[in-house]
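In what follows, a single structure is set out as structure tokens and then discussed.
The values are calculated or read from the model by the stated rules, or taken from the named source; none is laboratory data. A quick note: this is a predicted structure, and the numbers were derived from the prediction, not measured. Positions of Cβ are backbone-derived with ideal geometry, glycine not excepted, and every protein chain shown enters the neighbour counts.
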Amino acid sequence: MEPDLPPVTCPRCGLVDQVQKVSALVTAGVSTGSGSGAGYMVGSFGSSGSIATAYGRMYQQDSHQSLLSERLSPPAEPRLVRAWPAGFTIALIGLFLGVFCSCGIAGLITSLTEEYAPLVCGVLVALPFVAVAGVLLRTGQQREKRSAEAWQEEHEQWEAAIGRWFELYYCWRDDVVFVPGSLSAIPADDMWNFLRNDQ
């Protein structure tokens with residue numbers, strides 16, 4: 001049989017009776033509920049006085065969180081935001097289609113006239129399209145790389161803060177959070193600054 005752990009004491013007031021683990025407090029402060037119902041309605045509509053009957057069902061699911069639970073909740077996990085937007089991809093596809101059309105039209109004119117000047121012109125017209133497409137592609141790749149690196153750094157900081165968050169306790173009496181065994185407590189509203197800056 002394992003020995004009982006001593007109760008966690010608040011470093012501010014020195015008491016144990018109003019201390020609760022932050023993660024348990026946040027979980028207990030969230031409630032969900034759902035309900036459904038049916039309705040029946042008869043009424044007349046318009047100037048002709050036609051009668052219509054309506055019947056419907058409704059289903060609702062809801063979630064509520066106490067203010068304290070919300071204050072002490074961890075932030076959402078950072079998401080990787082793609083730096084390559086859809087409009088950028090469409091523009092790149094448009095450039096490639098421009099190249100294809102320029103070369104195709106030049107090739108068609110060349111085959112009809114048996115002169116190579118239109119083909120050379122088509123290729124020369126297509127070259128700027130290719131250059132712009134290459135620049136756009138390279139720029140997009142660099143933005144993707146920077147975005148992924150920034151997300152990686154932010155995610156590592158978030159993981160470290162979440163690890164510390166799971167260690168925190170809250171004192172109802174003093175409205176402070178603290179790590180068990182520490183000599184200081186932090187106001188609950190400063191919790192995330194503490195977690196981000198505590199190394």
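Out of everything in the stretch 144-171 that is aromatic (F, W, Y) and in contact with a strand residue (DSSP E or B) (Cβ under 7 Å, 6 or more places away or on another chain), what residue ends up being surrounded by the fewest Cβ atoms within 10 Å (Cβ to Cβ)? Top of the filtered list is Y169. Of everything listed in (1) part of a loop (DSSP other than H, G, I, E, B); (2) at pLDDT 75 or above, the single unmet condition for E159 is (1).
Suppose the filter is more than 21 Å from R71 (Cβ to Cβ), assigned to a loop (DSSP other than H, G, I, E, B), at pLDDT below 70 and not basic (K, R); does M41 pass it? Let's see the steps before the verdict.
Numbers: more than 21 Å from R71 (Cβ to Cβ): yes; assigned to a loop (DSSP other than H, G, I, E, B): no; at pLDDT below 70: yes; not basic (K, R): yes.
For M41, the condition - more than 21 Å from R71 (Cβ to Cβ), assigned to a loop (DSSP other than H, G, I, E, B), at pLDDT below 70 and not basic (K, R) - is not met.
Take the stretch 65-87 and flag every residue that is within 18 Å of W151 (Cβ to Cβ) and at pLDDT below 80. Walk me through it before giving the result.
Looking only at the stretch 65-87, we keep the residues that are within 18 Å of W151 (Cβ to Cβ), and these are 74-85.
Scanning the stretch 65-87 gives V81, R82, A83, W84, P85.
For the stretch 162-183, what are the residues that are in contact (Cβ under 8 Å) with a residue 40 or more places away in the chain and in a helix (DSSP H, G or I)?
Within the stretch 162-183, the first condition is being in contact (Cβ under 8 Å) with a residue 40 or more places away in the chain, and the residues that meet it are 162, 165-166, 168-174, 176-178, 180, 182-183.
Selection gives I162, W165.
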